[in-house]
Amino acid sequence: MSNVTSGKDTTLGINQSNNLSLSNEIYDFKRCWEKNVSEQFPIKSFSEKDGITIAEVGNPHEGFYIKTAILNGKLNGNSVIFSGVNTAVARLTFVDGVASGPCILNDESGVKFFEGRFENGFRQGRGKEFDLKGNLEFDGFFDKGKKLKMYAMIEMGQYWKEYDEEGKLISITQRDDFGRKEGICYFYNDSKEISRVSIWKEGR
């Protein structure tokens, strides 16, 4: 995966104001990536400048825009989402209008905070989060945009412990980079005893 270039794009003549249609509460931009990309960055209109397709975004990120390619009226291929002040906040891939494939996400100042992938419009599978200095803060799995309570078991190689919302152990499993169960997996009941052992391949 290539790195997103931090900084601003000033070549497109897009409105420089960042007109987020949000409440007066403090807005945590990073949280928008917990939701579907199409809902957070709905396409309002298309235009073309010097052979580049620009998709202007509507609410809730009014003023943002996407440099992309259009095929059969839908976003396709490598794309970059820019804020209303022309800061690159995401480098991702669209397939028939849906975010799917590797991605790099930046905060509002253009600093990378996430590297992973999208599937069906959501962050999915293994992903990494970074602090402002580029130090790794989290290396784990996401499901439909949300971070899973899953922790690596260093002593067991590629195994991961997964917990429910109450902190109870659900399973100890191997996972591929898409987050699918792989190999021998162990499942636990409410008594913290193994209730099932099964072999998985590609999530089945």
For residue 89, residues with placed amide H under 5 Å, excluding near neighbours: 81, 82, 83
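Between residue 187 and residue 35, 0.36 nm times their residue separation minus their Cα-Cα distance comes to what? Working shown, then result.
On the way: separation 152, 0.36 × 152 = 54.72 nm, distance 2.84 nm.
Full extension of this stretch gives 51.9 nm more.
Quick one: with all protein chains in place, what share of the accessible area of the stretch 61-152 is carbon or sulfur, to the nearest percent (1.4 Å probe)?
Numbers: 1920 of 3850 Å².
Carbon and sulfur atoms account for 50 percent of the accessible area of the stretch 61-152.
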Only Lys, Arg (+1) and Asp, Glu (-1) charged, at Cβ; the stretch 51-204 dipole about Cα centre in debye: 360 debye
Amide H within-cut-off set for residue 109, under 5 Å, with H built and near neighbours excluded: none
Under Karplus coefficients 6.51, -1.76 and 1.60, residue-wise ³J(HN,Hα) of the stretch 175-184 in Hz, glycine/proline x: 9, 8, 5, 8, x, 7, 5, 8, x, 7
Inter-site label distance for residue 169 and residue 71 at 7 Å from Cα along Cβ, in nm: 4.6 nm
Note, ³J(HN,Hα) from phi for the stretch 38-44, Karplus 6.51, -1.76, 1.60, rounded to Hz, x at Gly and Pro: 5, 6, 7, 10, x, 7, 9
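Net charge near residue 113, counting Lys/Arg +1 and Asp/Glu -1 over other residues with Cβ under 14 Å of its Cβ? Walk me through the numbers before you get to the answer.
Values: positive: 30, 31, 91, 112, 123, 128, 133, 147; negative: 28, 34, 107, 108, 115, 129, 131, 137, 139.
Overall, the nearby charge balance is -1.
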The stretch 83-92 - phi-based ³J(HN,Hα) in whole Hz, Karplus 6.51/-1.76/1.60, Gly and Pro as x: 6, x, 10, 6, 9, 5, 10, 7, 10, 8
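Please state, as a whole number in µm²/s, the translational diffusion coefficient that the Stokes-Einstein equation yields for the chain at 37 °C and 0.692 mPa s, with Rh defined as the Kirkwood radius across alpha carbon pairs. Could you put the intermediate results ahead of the total?
Details: Rh = 18.5 Å.
After rounding, the answer is 177 µm²/s.
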The chain - accessible surface per residue (Å², probe 1.4 Å): 57 Å²
Residues whose placed amide H lies under 5 Å from that of residue 54, excluding near-sequence neighbours: 47, 48, 49
Nitroxide proxy distance, nm - points 7 Å out along Cα→Cβ at residue 194 and residue 133: 4.2 nm
Estimated Rh, the stretch 129-189: Kirkwood, alpha-carbon pairs, angstrom: 12.6 Å
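Let me check I've understood the local charge: for residue 176, count other residues with C-beta under 13 angstrom from its C-beta, Lys and Arg +1, Asp and Glu -1. What total comes out?
On the way: positive: 117, 126, 175, 180, 181, 201, 204; negative: 119, 177, 182, 202.
That sum, taken over residues with Cβ under 13 Å, equals +3.
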The chain, helix-only ellipticity at 222 nm - DSSP H runs n ≥ 4, -39,500 (n - 2.57), divided by all residues, nearest 500: -500 deg cm²/dmol
Residue 148-residue 109 FRET efficiency (beta carbon distance; Förster radius 25 Å; 0.05 resolution): 0.35
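Could you work out Rg/(2.2 N^0.38 Å) for the stretch 94-176, with Rg from alpha carbons only?
In units of the globular-protein estimate, the stretch 94-176 measures up at 1.20.
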Sequence of 150, 156 from largest to smallest accessible area, 1.4 Å probe: 156, 150
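The values are calculated or read from the model by the stated rules, or taken from the named source; none is laboratory data. It should be emphasised that the depicted structure is a prediction, and the values quoted were computed from it without experimental measurement. Glycine also receives a Cβ, built like all others from the backbone with ideal geometry; neighbour counts cover every protein chain displayed. With ligands, DNA and RNA removed, areas are computed over all heavy atoms of the protein, side chains included. Shrake-Rupley method; radii C 1.70, N 1.55, O 1.52, S 1.80 Å.
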